[in-house]
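Participant: The structure's right below; bear with me while I get my questions together.
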Amino acid sequence: MLFRSNDSNFYRYISILHQDFTNLYGLFYRGNKKKRQKHITRKILNLIDEYSLLIWYLDDGSYSDNGNGSYRISLHTNSFTLSEHKAIKIWFWQKWRIDSVINYIKGQDKYYLRFSVSNTRKLLNILTPYIDMIPECMHYKLKS
C-alpha cells in the first residue's frame, strides 16, 4: 500500500497475524514485551518430528570437517540455559538414541550441542530422506 507523508512516498506492508503462529510464539517465549526470552521445554521437544528436526538443523546447525575427513554436527542452541540443554540432550537420546555433548562457550556464558562423528551419522540418517523437500542450496548440510 502506498502512503504519502508531506513530500515523501513510502510503502508499508502489513500482514495478517495467524493464530497458529501466535500460539507457537507463546510456546517459545516468556516474559514481558521488553524482556522476552526464548526457551524450550519437553512439551515443545515432543512436537518435533523428523521433518521439523531437519528445519531446526538447517536453521541453527552447522556441519564441519574435523580435519581428517570426518564430519560433526553442532546445533547452535546458544539462547537456551544449561538445564534446557540437558533436557534437549536427554530428549535426543530417548527419542532417537542419539547422544550429544553440551559445549560451553567461554566468555559468552552460552552453550551449544555437538554430536560425535557416529552420532552425526545417525542424525543424518534421520534427516536425509527429506533432502528433496529442501532447497538445493541447503544440501551441503546433509552430506554423509
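The values are calculated or read from the model by the stated rules, or taken from the named source; none is laboratory data. Because the structure is a prediction, the values reported are computed rather than measured. Cβ: placed from backbone, ideal geometry, glycine included. Neighbour counts: every protein chain shown. These accessible areas exclude ligands, DNA and RNA; they are computed on the full protein's heavy atoms, side chains included. Shrake-Rupley method; radii C 1.70, N 1.55, O 1.52, S 1.80 Å.
Participant: Just to be sure I understand the filter: pairs with C-beta atoms under 8 Å, separated by 6 or more residues or on different chains, first member in the stretch 90-110 and among the hydrophobic types (A, V, I, L, M, F, W, C), second member outside any loop (DSSP other than H, G, I, E, B) and surrounded by fewer than 15 Cβ atoms within 10 Å (Cβ to Cβ). Which pairs pass?
Facilitator: Close Cβ pairs (under 8 Å, with a partner that is outside any loop (DSSP other than H, G, I, E, B) and surrounded by fewer than 15 Cβ atoms within 10 Å (Cβ to Cβ)) amount to Trp91/Arg42; Ile102/Leu82; Ile102/Lys86.
Participant: If you don't mind, there's one more thing I want to ask. Please determine, by comparing only the residues of the stretch 78-99 that are farther than 19 Å from Lys38 by Cα and not in a loop (DSSP other than H, G, I, E, B), which one is least open to solvent (accessible area, probe 1.4 Å).
Facilitator: Pass one, the stretch 78-99, residues farther than 19 Å from Lys38 by Cα: 90, 92-99.
After this cut, where a residue has to be not in a loop (DSSP other than H, G, I, E, B) as well, the list is 90, 92-96.
Working: Ile90: 88, Phe92: 0, Trp93: 116, Gln94: 104, Lys95: 89, Trp96: 43 Å².
Among residues in the stretch 78-99 that are farther than 19 Å from Lys38 by Cα and not in a loop (DSSP other than H, G, I, E, B), the one least open to solvent (accessible area, probe 1.4 Å) is Phe92.
Participant: Can I ask one more? Looking at (1) under 16 Å from the mean Cα position of the chain (by Cα); (2) not in a helix (DSSP H, G or I), can you tell me which one Gln108 breaks?
Facilitator: All conditions are met except number (1).
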